[in-house]
Structure formats: structure tokens, C-alpha cells
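These notes concern the structure reproduced below.
The values are calculated or read from the model by the stated rules, or taken from the named source; none is laboratory data. Computed from a predicted structure; not experimentally measured. Every residue, glycine as well, gets a Cβ built from its backbone with ideal geometry; the counts of neighbours run over all protein chains shown.
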Amino acid sequence: MKEWVITLRSFLQEAWAEFHRIQWPSRKEVQAATLVVISLVTIIALYLFLVDWALSWLLQAILRK
């Protein structure tokens, strides 16, 4: 039982040390990355909307005949 406690304590100490080595992005970097993600999601959503609309229109045109 004591070995398990020592192992757990060692793991937690190492995890805490790693946490302090993290290099957090600046506010400007986070804003730039967020803008890129929002832009790409918008572009992909518009593309999928147009493809869906075109295929729907084509299928309706085929079924009307």
C-alpha cells in the first residue's frame, strides 16, 4: 500500500512540474486562431449549404420529369 502512495505522489509532483512548463499562447495569438477557426467554419458551412441546395434542386428537377 505504501508503494502505491509513493508512486501516486511522485506522479502528481511530476504532473505539476510539467504544468508549470506549459507555454501559454498570448491573447493576440488566441484571437488570431479563433478568427481563423470561425472563418473556416463559415466558409465550409456555406460550401455545404450550396452543395446541398444544388443537389436538392437537381434531384427535384429529375423527379418532376
Quiz item: In the list Trp4, Trp57, which residue meets the criterion of being of a type outside the set (Asp, Glu) and exposed (fewer than 10 other Cβ atoms within 10 Å of the Cβ)?
Solution: Trp4
Quiz item: Just one of Ser39, Ser10 is of a type in the set (Gly, Ala, Ser), surrounded by 10 or more Cβ atoms within 10 Å (Cβ to Cβ) and at pLDDT below 95; which is it?
Solution: Ser10
Quiz item: Can you name every residue in the stretch 42-65 that is of a type in the set (Gly, Ala, Ser), modelled with pLDDT of 95 or more and over 16 Å from the mean Cα position of the chain (by Cα)?
Solution: Ala54, Ser56
Quiz item: In the stretch 19-36, what residues are modelled with pLDDT of 95 or more and either among the β-branched types (Val, Ile, Thr) or loosely packed, with under 10 Cβ neighbours inside 10 Å (or both)?
Solution: Ser26, Arg27, Lys28, Val30, Thr34, Val36
